[in-house]
1. Can you name the condition, by its number, that B:K98 falls short on among (1) under 25 Å from A:S193 (Cα atoms); (2) loosely packed, with under 15 Cβ neighbours inside 10 Å; (3) within 14 Å of chain A (Cβ to nearest Cβ)?
2. Exactly one condition in (1) under 30 Å from A:P144 (Cα atoms); (2) surrounded by fewer than 17 Cβ atoms within 10 Å (Cβ to Cβ) is not met by B:A19; state its number.
3. When you go through B:P76, B:P8 one by one, which is the residue that is open to solvent by 30 Å² or more (accessible area, probe 1.4 Å), closer than 29 Å to A:D112 by Cβ and touching a residue at least 12 places away in the same chain (Cβ under 8 Å)?
4. Looking at the range B:33-48 only, could you name the residues that are facing another protein chain (nearest Cβ under 7 Å) and touching a strand residue (DSSP E or B) at 6+ places or on another chain (Cβ under 6 Å)?
5. Given B:V30, B:V16, which one is in a strand (DSSP E or B) and more than 7 Å from chain A (Cβ to nearest Cβ)?
6. Going through the range B:68-82 one residue at a time, which ones are closer than 26 Å to B:E131 by Cβ and either under 11 Å from the mean Cα position of the chain (by Cα) or of a type in the set (S, T, Y) (or both)?
7. Which of the residues belonging to the range A:129-164 are more than 7 Å from every other protein chain (Cβ to nearest Cβ) and open to solvent by 30 Å² or more (accessible area, probe 1.4 Å)?
Amino acid sequence: MSFSQSTQGVLPIDVTASNNALSSVGPLSKYLDDLRRSLQIATIANLSEPPVRIRTSGSTPGISATSSNSLRTKKSLPEELFDSLASFKIKTSTVAMYLEDSWRLGFFKQLDSLLGSESWDPEDALPAPDSFNTLLRMLLLLSPERRPGLGASGDGILIAAWTVGSDRLTIYCLPKDQVKWVLSCELEGARESAAGNSTLSNLREILSPYRPERWFRAKQLPQT
Amino acid sequence: VPSNYLKPNHRVVRYVPWAKLRKDEDENVVGVLGVAFKLRPGEAYLSTTWAEYFPTAEPIADAIRAIRGSDIDVRPKSGYAIGIVERIDIECQARSRKIRYCHESSADNPAHAALRGWPEDDDELLERLAEDAWCETVLNSSVP
């Protein structure tokens, strides 16, 4: 069995080899085993989401060309939530070396809670992978000791919210490293509120007049 | 649909799913996020339940039970934001928004109230409303 990448971004899977390799074990079962293996490999390749089409070649009576998408059935909401959760945890794990274990485990717990089928509103769009990328990159750039509370809008935007007393910072994680932020806090004895749009690279600087360490510092334990 | 307008001291209750509750890093609920008050595409008003519709000793709890009995798919881990008409109005008028608070009973909720003229795309105002006007949050699990 051979695989090759065509110039049109299509991954043809050559199953003629399986026809030539019909063994004494049983031609049909051998063919089906090969085909099943082909489909598994194609499905794994499809995780990175280039359009993948399975193409059969050679004469295989009774078996027509098919696509991996047509083999999928519509997923239930719990399945979709599970898939989103798994993909977010896998992405987080790729940068685990930058996160303290306790911080990362707490973050995973928050994701479990946010994307639990007991809590998710079926009317809301699932969080977009691009929004999660921005959230994760923002957390790496800001390196807050204190994790934000996590939320999501109805249209799939993840939200990081820090609350210390009446001081609030809310950041909407938009795709492609864009953020929208809203804050209100005490500053020089007066109540300030502000909002704006920014890129991740500018965020720390833009927040700096509002002393963001109030939100990012670890929670102070009460003194005994 | 004939409407009655709510009075300034009346309260409205809004269902808030878990993802739109404001939480700390340990998952303690500390309020609601502004997105809890964002209209979905095509929505003409903010949908709430009028607490004073119920002439009972526990109008908030009765409003929550009315929401549970409506078409809303209330999830176990969810909450309700309670807003006071007058305080909502102060915040909205500060941003030149004139809101109409109309009792518009629906087939699934006789206490349904529509907040018409609601801001569609003002995240700062929605966060301020969450902070100052819808300032009480009740968890679904706390109401029998």
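The values are calculated or read from the model by the stated rules, or taken from the named source; none is laboratory data. All values reported here derive from a predicted model rather than from experimental measurement. Counting neighbours? That spans all protein chains shown, and the Cβs are built from the backbone with ideal geometry, glycine included. Heads up: the accessible areas ignore ligands, DNA and RNA and are worked out on the full protein's heavy atoms, side chains in. Shrake-Rupley method; radii C 1.70, N 1.55, O 1.52, S 1.80 Å.
1. Unmet for B:K98, out of (1) under 25 Å from A:S193 (Cα atoms); (2) loosely packed, with under 15 Cβ neighbours inside 10 Å; (3) within 14 Å of chain A (Cβ to nearest Cβ): (3).
2. (2)
3. On the way: B:P8 fails: closer than 29 Å to A:D112 by Cβ.
Residue meeting the stated conditions: B:P76.
4. B:L33, the sole residue that qualifies.
5. Numbers: B:V30 fails: more than 7 Å from chain A (Cβ to nearest Cβ).
Being in a strand (DSSP E or B) and more than 7 Å from chain A (Cβ to nearest Cβ) holds for just one of B:V30, B:V16, which is B:V16.
6. The answer is B:S78, B:G79, B:Y80, B:A81, B:I82.
7. Answer for the range A:129-164, where residues must be more than 7 Å from every other protein chain (Cβ to nearest Cβ) and open to solvent by 30 Å² or more (accessible area, probe 1.4 Å): A:P129, A:D130, A:N133, A:R137, A:L140, A:L141, A:S143, A:E145, A:D155, A:V164.
Yes/no per residue for (1) modelled with pLDDT of 95 or more; (2) closer than 30 Å to A:E186 by Cα:
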residue: A:T60; (1), (2): no, no
residue: A:S68; (1), (2): no, no
residue: A:T73; (1), (2): no, no
residue: A:K89; (1), (2): yes, no
residue: A:D112; (1), (2): yes, no
residue: A:P129; (1), (2): yes, no
residue: A:R137; (1), (2): yes, yes
residue: A:R147; (1), (2): yes, yes
residue: A:S153; (1), (2): yes, yes
